[in-house]
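The values are calculated or read from the model by the stated rules, or taken from the named source; none is laboratory data. Predicted, not measured: the structure shown is a model, and the values here were computed from it. Note that we place each Cβ from the backbone using ideal geometry, even for glycine, and neighbour counts take in every protein chain shown.
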Amino acid sequence: MLFADILKGSDRTQPASRTPIRKHHWVLGTLVVLTGSWITHTTTATIKPLPDAIAPTAGALELSNDAENISEISPVPSNDIASLADLEKVNIETLGDDLPLAAPIEVLISKQHVIKSGESLGVIFRKEGLGYSLPHKLAEHPIAGKLTSITVGKALTFKFDQANSLRQIRYPTSYLTELVVDIQDGEITGADVRDLAYSTHKQTASAEITSSLYEAAMDAKLSNNITMDMVKIFGWDIDFVQDIRVGDRFHVVYEDHRVGDKKVADGDILAAEFTTQGQTYRAIRFVDQQGEVSYYTPEGDSMLGTFLRSPVEFSRISSRFGKRRHPISKKWKTHKGVDYAASRGTPIIATADGKVIHAGNKGGYGKTIVLRHAGRFTTLYAHMNGFAKGVKSGTRVKQGQTIGYVGTTGYSTGPHLHYEFQVDGVHRNSLTYKTPKASSVKPEDRKDFEALVASLSKELDSVQTDYLLAKAKSSTTLL
């Protein structure tokens, strides 16, 4: 209730004969009236923080030099509060129950430490003068223990109170999350991973290939992550090692995430189109009613083939499937796989979901992984430099997951991947064998999918039109 309403709440009028009121008496009386009126209404009013609750609205009460104007203000009924003596009897503790007082805001002072090569958590604490005991407590904590795996170049933020006691540690666990550890008197009082406040923005890009996909993507200001995602989306229909030609084009609608105005992470590709050798492929990202995410053609067929065309992205085929002269024995024999030349350490990915049935040395193959896939298929990856973390015999891997790295172990003349593809135990040419695609959009999702296709296809068409207009304008300018 506003003070103006309180002042208007009484129907009683001023008595006809009164002793003249002095201004300072009137002011004191008004304060008593206002205080008493506020006290009697606190049990039903919604309480705001104290500064806002006692601030009168502008114009609710004005003091005038004209004493006659004072009589226009109606007094509060006499039974609301009798006198200053009554006010002294008010139980302050009772008021405290009705009016929660805001806790004082604690101001913490921040200090950052950028992690350098060779620094552990214990080393950093000693450098910052924070003692020896807390790092051990952090290491043993189920959540705060993540601080034992800090990364060079990232920053630890220490927060101190006015007494210079450590109260909080913050560490970025990703571009969009951070680990927050609360501390009181040298003990951990809480730890959790919190999402950073970020916004998602839609972006578009187009480019024509003049030398390589990588350079075209750079010209379009696409990140490596978005470029690689695009390769994976079209990886079954397009062999990005062999099929790409000068003059091929792509258009893409995608998202990125930002904290403030700064981009901190890539989002998802929402829709993309790739034209190569005169044939156009279009993909739409769709989330079904079960929350499963996949890419489909505008007709609803899955973009995901049973097997990817290549286990090493942006590599060069150095030896194909079939008869060849062995580079070491110099004898002619059947080459039962495809060799991909690439730099040592280049990631090798699983071409389909499967289970690791071998991970180790395998004679002339050197370090090798063999995967068994659903049904009749197995794939082999040989001459590897090493295996990805966690990949061992018996583990399951997903299509596109890194399983190891290119090397030159076993009988090998240089860094490359030897890849074999078997159907029912018989070696097949992975470059030409046709395997079925994954399932299409489910009937119960069809309506939602078609609505999304209409919207994103319109955006892709607009991106393509803008690109062609800009290209035509550029060509005219050059002439």
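Brief remarks on what is shown
- Scanning region 324-351 for residues that are at pLDDT below 90 and within 24 Å of L308 (Cα to Cα) gives T334, H335, K336.
- Options T413, T435; residue that is under 22 Å from F234 (Cα atoms), β-branched (V, I, T) and touching a residue at least 40 places away in the same chain (Cβ under 8 Å): T435
- Against the list (1) crowded, with 17+ Cβ neighbours inside 10 Å; (2) of a type outside the set (A, V, I, L, M, F, W, C); (3) out of contact with any Leu (no Cβ under 8 Å at 6 or more places or on another chain); (4) closer than 27 Å to Y198 by Cα, the condition Y296 fails is (4).
- In region 372-391 there is no residue matching the filter, namely being in a strand (DSSP E or B), closer than 30 Å to I226 by Cβ, among the charged types (D, E, K, R) and at pLDDT below 95.
- Close contacts from region 231-255, counting a first residue that is under 25 Å from E459 (Cα atoms) and a second that is assigned to a loop (DSSP other than H, G, I, E, B) and aromatic (F, W, Y), with Cβ to Cβ under 6 Å and a gap of 6+ residues or different chains, come to V231/F240.
- Selection status of S393, free of Cβ contacts under 8 Å to residues at least 40 places away in the same chain, of a type in the set (S, T, Y) and assigned by TED's automatic domain parsing to the domain that holds V356: yes
- Complete set of residues in region 391-400 that are in contact with a strand residue (DSSP E or B) (Cβ under 8 Å, 6 or more places away or on another chain) and surrounded by fewer than 16 Cβ atoms within 10 Å (Cβ to Cβ): K392, S393, G394, T395, R396
- Just one residue in the set Y281, Y295 is touching a residue at least 12 places away in the same chain (Cβ under 8 Å), part of a strand (DSSP E or B) and in contact with a helix residue (DSSP H, G or I) (Cβ under 6 Å, 6 or more places away or on another chain); that residue is Y295.
- Residues that are under 21 Å from A352 (Cβ atoms), polar (S, T, N, Q) and in contact (Cβ under 8 Å) with a residue 24 or more places away in the chain do not occur anywhere in region 450-461.
- Filtering I357, I403 for residues that are farther than 26 Å from V231 by Cα and not in a helix (DSSP H, G or I) leaves a single hit, I357.
- Residue list for region 188-231, restricted to those being modelled with pLDDT under 95, among the acidic types (D, E) and over 22 Å from A470 (Cα atoms): D195, D229
- Residue match in region 203-221 (condition: more than 30 Å from R245 (Cβ to Cβ) and either within 27 Å of the chain's Cα centre (by Cα) or surrounded by 13 or more Cβ atoms within 10 Å (Cβ to Cβ) (or both)): no
- Taking region 126-144 as the range and being within 21 Å of D192 (Cβ to Cβ), free of Cβ contacts under 8 Å to residues at least 24 places away in the same chain and either of a type in the set (F, W, Y) or buried (at least 16 other Cβ atoms within 10 Å of the Cβ) (or both) as the test, only P135 passes.
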